[in-house]
């Protein structure tokens, strides 16, 4: 990846994900980055969540929007209602990107780590506040198309 636009394009597709929710539980599911406009990606994840100490599984989903601004060469992650979650600060030499979001008194520090093979990445949120201190870690692996041989 040589540009912010390359990072934007990298996300397009279907990803399998595994998430650790601090010490609260785990989740598995699928995330889809769909190009809805040349500079807009719709992100949707659908998960099965297992909370520690509970026998039942829970279904969950979340939507975000990633917008690329060619004029400023900036990538922004937004909530589905259009509010800004954070701007991504891409560090090409490190194959990383960072973002920060203040929610009330809680700060969410996002770190993206891009693998060399372009088929996986991780996203972790360090959450810190007066009553919060945990990390949410997600591993994404590109879901490759199934090829049927006849």
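Derivation of every value follows stated rules applied to the coordinates shown; laboratory data play no part. This is a predicted model, so every value here is computed, not measured. Neighbour counts run over all protein chains shown; Cβ positions are idealised from the backbone, glycine included.
Before moving on, here are some points about what is shown:
- Residue list for segment 46-78, filter: in a strand (DSSP E or B) and more than 14 Å from the chain's Cα centre (by Cα): 48, 49, 50, 51, 57, 58, 59, 60, 68, 69, 74
- Scoring residue 9 on the criteria (1) farther than 19 Å from residue 86 by Cβ; (2) outside any helix (DSSP H, G or I) leaves a single failure, condition (2).
- Of the residues in segment 47-67, not one is surrounded by 12 or more Cβ atoms within 10 Å (Cβ to Cβ) and in contact (Cβ under 8 Å) with a residue 60 or more places away in the chain.
- Top-ranked residue in segment 79-96 [being surrounded by 13 or more Cβ atoms within 10 Å (Cβ to Cβ) and closer than 14 Å to residue 8 by Cα; ranked as farthest from the chain's Cα centre (by Cα)]: 92
- Failed condition for residue 99, given (1) surrounded by 13 or more Cβ atoms within 10 Å (Cβ to Cβ); (2) touching a residue at least 40 places away in the same chain (Cβ under 8 Å): (2)
- Among the residues of segment 31-45, those that are loosely packed, with under 14 Cβ neighbours inside 10 Å and either in a strand (DSSP E or B) or touching a residue at least 60 places away in the same chain (Cβ under 8 Å) (or both) comprise 34, 36, 37.
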